[in-house]
Amino acid sequence: MTALEPDAELALPPRATAIKPSGLRRAGWGLRSFARRSPMSAFWGVIAALIVVMAVAAPVLAPYDPLKSDFRSMSKPPTERHVFGTDQIGRDVLSRVIYGSRASLTVALGAVLFGTTTGALWGLASGFLGGRFDLFSQRIIEFLQSFPDLILAMAIAMALGAGFGTVIVAIAITRIPFGGRVIRAVVLSLKEMSYVEAARGVGASRLRVMLRHVLPQCIAPYLILATTHLGVAIVIEAALGFLGVGIPPPTPTWGNMLADSLNGGLVPPWWLVLFPGAAITLTVLSFSLLGDGIRDLVDPRLRSAV
């Protein structure tokens, strides 16, 4: 290298010498920032993640077959062999609670993805297009909201018949109005923003403006809705199972377990009520408080109060 030639390292552009942080590192910093801003929500987020892991790894974690009966250990309280006790026909309650998380979380996740996504897209189109389409859409949403969630889900489940897919559809229909109303309100405020008006001014089509400039701003409200609606969907699924119009037995679900506890008499054994009820309460509480933390983090008006 001669004196007239520039140094090789100095000749490289700054972009080539800069080290870009990886996506994993950015995700780690994001989770760390969330835990620092809202430690309580982060704690319940860990609980929710552990419940999901328990549902996925149910065949590994469950000590017994949830459908296998042991007639020598019927209606036994918690012991060293059966930590959560057994039911009226000798099935292990701990194994049924673990496997019940799979059914409850699968139904809740499917119902929220189908119902909340449909409602969000409906609200996006309704708020952006306006006019008669918006007027007609809001009347349908008001009609759906005139029924209590559990009553509407029960009527749909009874009309379609008991089954896994039926319960998902029944709960999903109850989630559509909430997603539609919330996203519509967000779109109504966004479409009057200056950058949306500028996109219209340069000749962008309505579809391009809606998908390119308005839809990305609706992702954060959608995530908050989906997280909080998971807990509501789990409660509705458990209520349908308790009333006998949910997932039919012998598939273990938390609602079916509560309904089965009443088969032994007027006063059910305490362990048959406590452990499924505690699983429902813990799961609903964890997803609800996680959704509240996400809402506080992404909402600029609430961020300073966290």
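The values are calculated or read from the model by the stated rules, or taken from the named source; none is laboratory data. Not measured: the values here are computed from a predicted model. FYI the Cβ positions are ideal-geometry reconstructions off the backbone, even for glycines, and counts take in every protein chain you see. Just so you know, the surface numbers come from the protein's heavy atoms only, side chains and all, with ligands and any DNA or RNA stripped out. Shrake-Rupley method; radii C 1.70, N 1.55, O 1.52, S 1.80 Å.
Details
- Segment residue 37-residue 135, length gained on full extension (0.36 nm per residue, minus Cα span): 31.2 nm
- For the stretch 147-287: accessible area per residue (Å², 1.4 Å): 46 Å²
- Two-site FRET efficiency, residue 80 against residue 185, from Cβ-Cβ distance with R₀ of 45 Å, rounded to 0.05: 0.25
- The alpha carbon convex hull volume per residue for the stretch 67-122 rounds to 77 Å³.
- For the chain, the longest principal axis of the Cα atoms and the long axis of helix 219-243 meet at an angle of about 10 degrees.
- Normalised alpha carbon radius of gyration of the stretch 142-292 [divisor 2.2 N^0.38 Å]: 1.39
- Spin-label model distance (nm) - residue 69 vs residue 243, 7 Å beyond Cα toward Cβ: 2.9 nm
- Selected from 174, 283, 86 as most flexible by GNM, with the chain as the system and alpha-carbon contacts under 10 Å: 86
- Taking all Cα pairs closer than 8 Å and separated by 6 or more residues, the relative contact order of the chain comes to 22 percent.
- Gyration tensor (Cα) of the chain, equivalent ellipsoid semi-axes in angstrom: 45, 30, 15
- One decimal place: the segment residue 162-residue 49 gains 37.7 nm when fully extended, by the rule 0.36 nm per residue minus the C-alpha distance.
- Of all accessible heavy-atom area on the chain, the percent that carbon and sulfur account for (1.4 Å): 69 percent
- Solvent-accessible area per residue, Å², over the stretch 33-127 with all protein chains present [probe radius 1.4 Å]: 49 Å²
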